[in-house]
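Report on the following structure.
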Amino acid sequence: MAAERNHGRGDPLELESESESDDDGITVPSLQPVPPGLAKPNDSLCDTCTALDLTPTRFIILPGDIEAEIPVETPDELSIQLGFVDDIRRKSHCPFCRLVLRALGPGLPSFEDGERVSVVMSWNTDGPNPTGLNRIPQIRVLRPFAVKEDNAPVRAKGLNVSPEITLVANDAPTPSKSFFVRFIKDQIDFEMVSNWLAICRIKHGIKCNRSAMLEQQSGGATTDIPHFRLIDVVDNCIRPAPSGCKYVALSYVWGLSDPTAILRTLKSNVNQLEIPGALLLPTNLDRIPRTIRDAMQVVRELDMHYLWVDSLCIVQDDDVNPGGSKIASISKMDLVYGRAYLTIIAATGIDSNAGLPGLHPNTRGVNQPIEEVLPGLRLAFKQKSVDYSEKSVYYTRAWTFQEQTFMNRSLTFIGGQVVFNCQCISENEWREDVVFEDQRNRAGEIDIEDEDDIAQYEALIQEYSALSLTYESDIYHAFAGITRYFNMRLKVNLCHGIPDAYFDWFLLWISLVPQKRRERNPSWSWSGWIGESWPCMWSWYSRSIPRIRKALRQRTWIIWYQRKAHDSEECVRVWTPKTSSSASSGPRNFYGSHAGNRFPFVCSHTEPTRRKLIGAPEYIEDTHNPTSGSGFLQFWTVSVVFKLDKARSVENARGELNSRSRLGIFGCNGRELGIVFVNPEWAEVNISKNHEFILLCEGRDLRDNGETEKPEWKYKVMLIEWHGDWAERISVGSIRKGDLKQARGNGPVWKEIILG
């Protein structure tokens, strides 16, 4: 998109300007002066950048300009050639070349796949996003791209996401400065931050007072969590939370900090910490991690009273008995963060002593990318939080994922800045280094997710499973709030992470990367593996929850039982439908529908055999499941034996994304029946051998998109490996129904399985 010049179609000075203060008391902060001395003594534009003819007016859109009618989402026309990366790096005297390199990111390579990397650029626009869908063009930006010799985009890690360069607001020749870059001071201006909260409170109202992930009828933290405590940042002590009080929550990482070395609330000191001034005592203050001390100061700067922090607001050793307050609090993290007025996200650093950048002098850690390109023309790279999140430990942690999921307003400290988000604005819009406070540019309400979409529930499992835990025993605790969300919205309990009322199809999760076994959890669940797991019903069947429920009643046959304990013979159904069958109605499947004659042999035995299990491992307790069991499933299904060998078929699109070993399932006549992906080290030992598979249910490989040839229903199979009296999952795949007769050995048999 070429930048149109001002040819008499409008006067920049006639554009609407922001007032210093709205009638409702919201202010537009004054611009800080940009310090002199940005230009280096030998700075001069190179010939390529001189030819761009950059001026302040080229970055504004005037009435009548063609861009005023074109949505911001218009594809870029990569018409500006800046040259090869290594040539640009040699032009260190050119301030615009330096800015382009900074905008593209620290991971910009000179070569990729043996090809030289060059930089191309386009003009585009930016502006307000009142509906959450399309931005209204208001300013122009330059977008640089790194490409290879065939114009294919460079995929190297460490590149910034969709970088944009635009004018520093001080040099804008218009009264309106919105969406241009503003210079930020060494320390955070909390009057500005308080102004953001005022804009949200006044313009968005109650929409931002409650997390979209919480049921409207659910209670509050101060009433629903026994012994709910807060830090009083005025009286510097811990105190029971006053009913209905407004509080701020802190979301951060403990890292490798020694828990015994920091101040924690314990049964032995809780009464002492409730005395006003207790947190200022040297023996206590010196042991409060810097991030927590900084968060307390932020709450004071915002003229608020209370802060919630896990280490001080939960009695850390009150977990010996089942009714202890620690487990009661952990199980309701959705309420803690969903009912907080604001959450402080400490996304910088590796542990609880990292602090909050910008709160104290010389702590931002990131220099603002501004260059004086010409006298009177200063340009800047518009930074984004996402450019720093990839390297942030915070976004790799399982506990913080749950906290982010439920918060309604947040202040994120990342990339040397603080960024505000709420339920009614797009990510990264409200930040220190971009002017946005103009009343016309305040975003409207964003859409709430469709509750009838199974993908939103699958996505929660997928994202969480990819994250890390310091203590593997926290696998269910760090998901407890989301477990409550599944319970309230999807009307299910999670059986070791698998929704019980959709059990068969949630067992069909896959992985696209090698995973490591989490030995203290069952292998049939995503919780039993370290690494991202993909439940993907939405991909191969439907997003519609009613359609999925109907299909499950027709496409399944296993009656799922869970063993209560190894030394017990008792087994309990994983889930029971509300409409139970009578004795005269005939056999029913797990979901309450009539069980037809699906296989050409007797399959009437579905009750578990009473037996004890000797020498089996003890799994982490399924604490947040009201009918928790041992994690060992006991059930009857069809068992078959096939040979695994190197696949002969061509990989499809999904296969190309999968970095695990791709093996073919071969029948007795040597024909390839299907594919499974397994960890490479397992494949090395087990290739070219016969292996046991069990039939799980019917499913598809592809979704029916209304094309003439509908995808067929297949048998979903699980590759298993026996460890004495019980088996473990290795992978899942599918075979055509007619290929059941290709089973090796004795053919398909009806068999009882204990799966751990």
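Here are some notes:
- Among 40, 578, the order of accessible area from largest down is 578, 40, computed with a 1.4 Å probe on protein heavy atoms.
- Residues in the stretch 501-521 reached by a label modelled at residue 463 [backbone nitrogen below 20 Å; 7 Å Cα→Cβ]: 509-513
- Scanning residues 5 or more positions from residue 370 or on other chains, none has an amide H under 5 Å from its amide H, with H placed 1.01 Å from N in the peptide plane.
- From its DSSP helices (H runs of at least four residues, each -39,500 (n - 2.57)), the chain gives a residue-normalised ellipticity at 222 nm of -4000 deg cm²/dmol.
- Taking 7 Å steps out from each Cα toward its Cβ at residue 657 and residue 32 produces label points 4.2 nm apart.
- Within the full protein context, the accessible area of residue 471 is estimated at about 130 Å² for a probe radius of 1.4 Å.
- A cut-off of 5 Å between modelled amide H atoms, ignoring neighbours fewer than 5 places along the same chain, links residue 696 with 716, 717, 718.
- Across the stretch 325-403, C-alpha contacts under 8 Å between residues 6 or more apart give a mean separation that, scaled by the residue count, equals a relative contact order of 32 percent.
- Taking 0.36 nm per residue of sequence separation and removing the Cα-Cα distance, the residue 210/residue 116 pair yields an extension gain of 28.8 nm.
- Derived scalar couplings ³J(HN,Hα) [the stretch 541-549; Karplus, 6.51 cos²θ - 1.76 cosθ + 1.60; whole Hz; x for Gly, Pro]: 10, 6, 7, 6, 5, x, 5, 5, 4
- Fraction of accessible area attributable to carbon and sulfur, the chain (%, probe 1.4 Å): 50
- Cross-link partners of residue 384 among aspartates and glutamates, defined as those whose alpha carbon lies under 13 angstrom from its own and excluding same-chain residues fewer than eight positions apart: 164, 427, 429, 432, 433.
- In the full protein context, the chain carries 43 Å² of accessible surface per residue, based on a 1.4 Å probe and ignoring ligands, DNA and RNA.
- From phi via Karplus (6.51, -1.76, 1.60), per-residue ³J(HN,Hα) for the stretch 171-180 in Hz, x at Gly/Pro: 9, 5, x, 10, x, 6, 10, 4, 6, 7
- Proximal lysines to residue 177, defined as alpha-carbon separation beneath 17 angstrom and excluding residues fewer than eight positions away on the same chain: 382
- Chain lengthening between residue 198 and residue 594 when straightened (0.36 nm per residue, less Cα-Cα): 136.7 nm
- For Rg and Dmax of the Cα atoms in Å, the value computed from the atomic coordinates appears in the list (1) 29.4, 108; (2) 29.8, 94; (3) 34.7, 104 under label (2).
- Phi-derived couplings, Karplus 6.51 cos²θ - 1.76 cosθ + 1.60 at θ = phi - 60°, listed residue by residue for the stretch 515-530: 10, 10, 5, 9, 5, 8, 9, x, 6, 6, 9, 4, 5, x, 9, 8 Hz, with x used for Gly and Pro.
- Between residue 710 and residue 268, the modelled label-to-label distance comes to 6.8 nm, taking each label 7 Å out from Cα in the direction of the beta carbon.
- Treating r as the C-beta distance of residue 473 and residue 627 and R0 as 22 Å, the FRET efficiency rounds to 0.60.
- Rounded to the nearest whole angstrom, the semi-axes of the ellipsoid equivalent to the stretch 547-608, taken from the Cα gyration tensor as √(5λ), stand at 22, 15, 12, largest first.
- Counting heavy atoms of the protein chains alone, residue 516 has an accessible area of about 140 Å² for a 1.4 Å probe.
- Relative to the longest principal axis of the Cα atoms of the chain, helix 95-104 runs at roughly 20 degrees.
- Long-range HN-HN contacts of residue 727 with modeled amide H, under 5 Å: 754, 755, 756
- Modelled label reach - residue 39, point 7 Å along Cα→Cβ, the stretch 89-115 residues with backbone N closer than 12 Å: 95
- Entry note, the chain: relative contact order of 10 percent, from Cα contacts under 8 Å with a spacing of 6+ residues.
The values are calculated or read from the model by the stated rules, or taken from the named source; none is laboratory data. Because the structure is a prediction, the values reported are computed rather than measured. We place every Cβ from the backbone using ideal geometry, glycine too, and count neighbours over all the protein chains shown. Side chains included, ligands, DNA and RNA excluded: accessible areas come from the protein's heavy atoms. Shrake-Rupley method; radii C 1.70, N 1.55, O 1.52, S 1.80 Å.
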